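The structure appears below as structure tokens.
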Amino acid sequence: MEAVNLMLWTFDTLLGLGLLWVAWRTLACADLFKGIVLFVAFGLLMALAWVRLDAPDIALAEAAIGAGVTGALLMAALARLRASETDEGSAGQLGSEGSDAEPSQWLPVVILLVVAAGLGHALLSLPPEAVGLGAEIAAHLDISGVSNPVTAVLLNFRGYDTLLEMVVLFVALLGVWSLGREIEQGASAPGPVLDTLARILAPVLILVAAYLLWVGAHAPGGAFQAGSVLGAAGLLLLLAGWRPRADLTARPLRLALVAGPGTFVAVAVVTLLTGAWLLEFPPKHAGTLILILEATATLSIGVTLAALFLGGRPRHDQELR
Amino acid sequence: MMPSDCISAALLIAGGIFFLAGTFGLLRFPDVYTRLHALTKADNVGLGLMVAGLALQAESWAVVGKLLLIWLLVLLAGASVAHLVAGQALRTGTRPWKR
Amino acid sequence: MQSIYLGLALFLLLNLGAGMWRVLRGPTAPDRMLAAQLFGTTAVAVLLLLAQATASAALRDVALVFALLAAVTAVAFVRRAWPGQEAGGRRQEAGHDAE
């Protein structure tokens, strides 16, 4: 099927070139908002690229996080930047259209060229037929508790990395919380259209998150993808003007945030105490353990992303007694 | 080719034409409101025809259901976002294009 | 049918590239956001076509997530990043449309 191969090849080439071009334009434009929109477009093209590289799990994550949640976070950040710059009269424009390159500006370019040359050399000296670990994983899939190799690697064989990622996300939120209270946005009350849209879409988003969580055991999906869709649901509600009740922002919020990394750490400690290696799951219970870990991780990731959007500690946050 | 294949192909190509029309409108129309109009045509009719063409080729009713769900969500989101953008544009003073 | 799916996917990708011009030109922020919306819908269509062409059902899930998340990004734009809206200003009240 020559025509099919030719079309696939053209598609891939256009996609690759498009990615490079959009990346360049994202970094090279002076208007911040244009940069954000181009970044969202870049995330979109990147998700298509992952699809063409046979990685639907990553494409799911890129679609949810890169194109969706990050776009919303960047726009909120831009709004805050504009508000603080209004007094100075600028409006989201980064100056420096200057084309006089000082000598010190060439040093980063040289370093980047050296790094690029090193990467190219490393890439070209790889064996042409890369075997990878696919065969190994497939051989041990039956003791991992799931039938999706990506989930098996993320949650079982390399669970340690996932544990650290959850902690990183948590620490990021702590960093944002240390900056101060939630920013008062002062936006107007949502009209009926936004209200209805949020009321319809938020449950759909939660359902899709649950679906992605469940399907991650045997098809592309999993905790990070489900968590980011859940975070998008939180974002949508926050944008439509909803705020959690005051009594929910103290202990319940903190419990939800800690549930994911906390459960992971607890399981890790238990596996150490029972004499196995760190995070080595007994094959009989591996499936259940993975489901529990993924469920708490989804909750934590979703709540963390929504909390990041607020930009600070929640407004009605009471000090814990 | 089987007749369902022919119908699918026709629906898909028709959907593609509407996508082309949407892009063309986005590039050529004179202001935000008219561009919104072009955009939602690609959303509704373009994607709808494509979903119809793909549904004929689907291997199970579950797939048809998922395709329909995707189209309905795009419809809902597209229409609401168009309303929100147009409303906000009016409130912040963007004047509709007059000849 | 394979060639029709892939040919249309290629055509839609070219559409996407053409829409980039609107992002680069503007002139206003909503114009750029509209182009991003069109990209989202086009990507949904491309993913559905690829799902049928390569017989991987997971791509339909990716399309579903795309459709939903594009709406959230657009709502974030309207509510937060619309130029001329400063935090703390309560100028626009819902329900009072401009004259």
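The values are calculated or read from the model by the stated rules, or taken from the named source; none is laboratory data. Here the structure is a predicted model, which is why all the values come from computation and not from measurement. Ideal geometry is used to build each Cβ from the backbone, glycine not excepted, and the neighbour counts take in all protein chains shown.
Some observations on this one:
- Scan of region C:52-65 for residues that are closer than 17 Å to A:Gly222 by Cβ and part of a helix (DSSP H, G or I), ordered by number: C:Ala58, C:Leu59, C:Arg60, C:Asp61, C:Val62, C:Leu64, C:Val65
- Any hit, region A:222-237, residues being touching a residue at least 24 places away in the same chain (Cβ under 8 Å), over 22 Å from the mean Cα position of the chain (by Cα) and under 29 Å from A:Pro192 (Cβ atoms): no
- Filter pass, C:Leu8 being closer than 26 Å to B:Leu12 by Cα, more than 7 Å from chain A (Cβ to nearest Cβ) and either surrounded by fewer than 20 Cβ atoms within 10 Å (Cβ to Cβ) or in contact with a Leu (Cβ under 6 Å, 6 or more places away or on another chain) (or both): yes
- The helices (runs of 4 or more DSSP H) falling completely within region A:147-217 that include 1 or more residues that are among the aromatic types (Phe, Trp, Tyr), touching a helix residue (DSSP H, G or I) at 6+ places or on another chain (Cβ under 7 Å) and assigned by TED's automatic domain parsing to the domain that holds A:Pro283 map to A:159-177.
- Count of residues meeting criterion [within 18 Å of B:Val74 (Cα to Cα) and more than 7 Å from chain A (Cβ to nearest Cβ)] in region C:47-69: 6
- Identity of the residue in region A:280-316, touching a helix residue (DSSP H, G or I) at 6+ places or on another chain (Cβ under 8 Å) and among the charged types (D, E, K, R), that ends up modelled with the highest pLDDT: A:Glu294
- Qualifying residue in region A:25-36 (condition: of a type in the set (A, V, I, L, M) and facing another protein chain (nearest Cβ under 7 Å)): no
To keep it simple, each residue is scored yes or no on (1) facing chain C (nearest Cβ under 8 Å); (2) crowded, with 24+ Cβ neighbours inside 10 Å; (3) at negative phi; (4) hydroxyl-bearing (Ser, Thr, Tyr).
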| residue | (1), (2), (3), (4) |
| --- | --- |
| A:Gly191 | yes, no, yes, no |
| A:Leu194 | yes, no, yes, no |
| A:Pro203 | no, no, yes, no |
| A:Ile206 | no, no, yes, no |
| A:Pro220 | yes, yes, yes, no |
| A:Gly231 | no, yes, yes, no |
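- Lone qualifier among A:Leu279, A:Leu308 - being touching a residue at least 12 places away in the same chain (Cβ under 8 Å), at positive phi and either not assigned by TED's automatic domain parsing to the domain that holds A:Leu205 or not small (Gly, Ala, Ser) (or both): A:Leu279
- Meets criteria (among the acidic types (Asp, Glu) and under 20 Å from C:Leu59 (Cα atoms)) for A:Asp31: no
- Criterion: small (Gly, Ala, Ser), assigned to a helix (DSSP H, G or I) and surrounded by 24 or more Cβ atoms within 10 Å (Cβ to Cβ) - qualifying residue of A:Ala268, A:Ala226: A:Ala226
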